[in-house]
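**Q** Below: one structure in structure tokens.
Read-outs: derived from the displayed coordinates by stated rules, not from any lab. Everything numeric in this text was worked out from a predicted model, so none of it was measured. Neighbour counts are summed over all protein chains in view; Cβ atoms, including those assigned to glycine, are modelled from backbone coordinates with ideal geometry.
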Amino acid sequence: MLSQPFMQHALLAGTAVAVLSGVVGYFVVLRGQVFAGDALSHVAYSGALAALAAGLDLRFGLFAATVGVGVLLGLLGGRGAADDVVIGTTFAWVLGLGVLFLAIFTARHATGNSTASVTVLFGSIFGIGAGAATAAALVAVALVAVVLAMARPLLFASLDPAVAAARGVPVRVLGASFLGVVGASAAEASQVVGALLLFGLLAAPPAAAQRLTDRPWRGLALSAGLATMSVWVGLVLAYAFPVLPPSFAILSVSTATYAVVAITTAGRRRHS
């Protein structure tokens, strides 16, 4: 299996996206911004279709839309954390734009790239080339470095934003910057697992990690580890059983991991 070039590329890109999703997702869950992450995954889809409709590289639309909307959500929300009203309104508007761009793309360009829409939605990790896999790894490393650089003040602002603001932490700017990173992470992950499925990697492994430990740095590492395990096991399953789409296999493992952790920890708490 590991001698196959497409599998090597999938493991490289998948591991990079998994570590990124685990690190970013830990703070997404901690800050209660899971709904924002879901909204940004749909923004990724609309942004990619907008670029395709305009005849541009879909990656331009992915990153421009997700980073822009992520920062905007942070600025519109209180203390840099977008509330449900802001997210819901943006969510509905973005979905409408997605329908518009899909109609334009289908009418003008779909005959030349009929699978692009499906690829954006559900990913194509086994179709990633060496260049794309390397680029995904480099982008993931850069984004992880940004999150780790802001991790301490971001943790402070996440746990007690009022006290953090009183101590001079730029809570609003920090929150908007973080949502911009979440947007960039959504854009990067969309190219591997798809816009509609990346939500599982951003939510399930971090939520499982936070159930297993209340120590932030240990939880951050555990979140990245669980996300990576989900990708590796999912890719092996998809290779062994070709009927399984790789994105489905990855997200199934991720969801099952969270379910097992949730049931196990709930039983221990009741026993205590």
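**Q** Between Ala256 and Ala64, what FRET efficiency follows from the Cβ-Cβ distance if R0 is 22 Å, with the result rounded to 0.05?
**A** Numbers: r = 35 Å, r/R0 = 1.58.
For Ala256 and Ala64, the calculated efficiency is 0.05.
**Q** With +1 on each Lys and Arg Cβ and -1 on each Asp and Glu Cβ, how big is the dipole of the chain about its Cα centre, in debye rounded to the nearest 20? Write down the numbers at each step before the final one.
**A** On the way: 13 positive and 7 negative charges, 132 e Å.
Approximately 640 debye in magnitude.
**Q** Turning to a different aspect of this structure: Using all alpha carbons of segment 203-272, what is the percent of pairwise distances in each 10 Å bin, ordered from the shortest bin to the longest?
**A** P(r) for segment 203-272, in whole percents per bin: 22, 43, 26, 8, 0.
**Q** Starting with the fewest neighbours, write out Leu95, Leu40, Leu148 ranked by other beta-carbon atoms found within 10 Å of each beta-carbon. Before the final figure, lay out the partial values.
**A** Working: Leu95 15, Leu40 35, Leu148 12.
Lowest count first: Leu148, Leu95, Leu40.
**Q** Peptides 210-218, 166-174, 180-188, 229-237: what's the order by average Cβ count within 10 Å, highest mean first? Provide the component values of the computation, followed by the final result.
**A** Values: 210-218: 13.8, 166-174: 15.4, 180-188: 27.9, 229-237: 21.0.
In descending order of packing, they fall as 180-188, 229-237, 166-174, 210-218.
**Q** Output the peptides 253-263, 58-68 sorted from most to least packed, where packing is the average of other Cβ atoms within 10 Å over each peptide's residues. Can you show the working numbers first?
**A** Details: 253-263: 17.0, 58-68: 21.7.
Descending mean neighbour count gives 58-68, 253-263.
**Q** Under 8 Å for C-alpha pairs, at least 6 residues apart: give me the relative contact order for the chain, rounded to a whole percent.
**A** Numbers: 459 pairs, mean separation 85.2, N = 272.
It comes to 31 percent, rounded to a whole number.
**Q** Quick one: if the Förster radius is 41 Å, what FRET efficiency do Leu100 and Asp214 give, using the C-beta to C-beta distance and rounding to 0.05? Don't skip to the end; give the middle numbers.
**A** Values: r = 45 Å, r/R0 = 1.09.
Calculated transfer efficiency: 0.35.
**Q** May I pose another question? Return the sequence-ordered ³J(HN,Hα) values of segment 15-29 in whole Hz as given by the Karplus equation 6.51 cos²θ - 1.76 cosθ + 1.60 applied to θ = phi - 60°, using x for Gly and Pro.
**A** These are the phi-based 3J(HN,Hα) values: 5, 4, 5, 5, 4, 4, 5, x, 5, 5, x, 4, 6, 4, 5 Hz.
**Q** Further, regarding this structure: Rounded to two decimals, what ratio of Rg to Rh does segment 15-77 give with C-alpha atoms and a Kirkwood Rh? Working shown, then result.
**A** Numbers: Rg = 12.8 Å, Rh = 12.5 Å.
My calculation puts Rg/Rh at 1.03.
**Q** Then there is this: Can you compute the radius of gyration and Dmax for the chain, using only the Cα atoms, both in Å?
**A** 18.4, 62
**Q** Would you work out which of Gly14, Thr265, Leu73 lies farthest towards the positive end of the dipole of the chain, given +1 charges on the beta-carbon of Lys and Arg and -1 on that of Asp and Glu, about the Cα centre?
**A** The residue sitting most towards the positive pole is Thr265.
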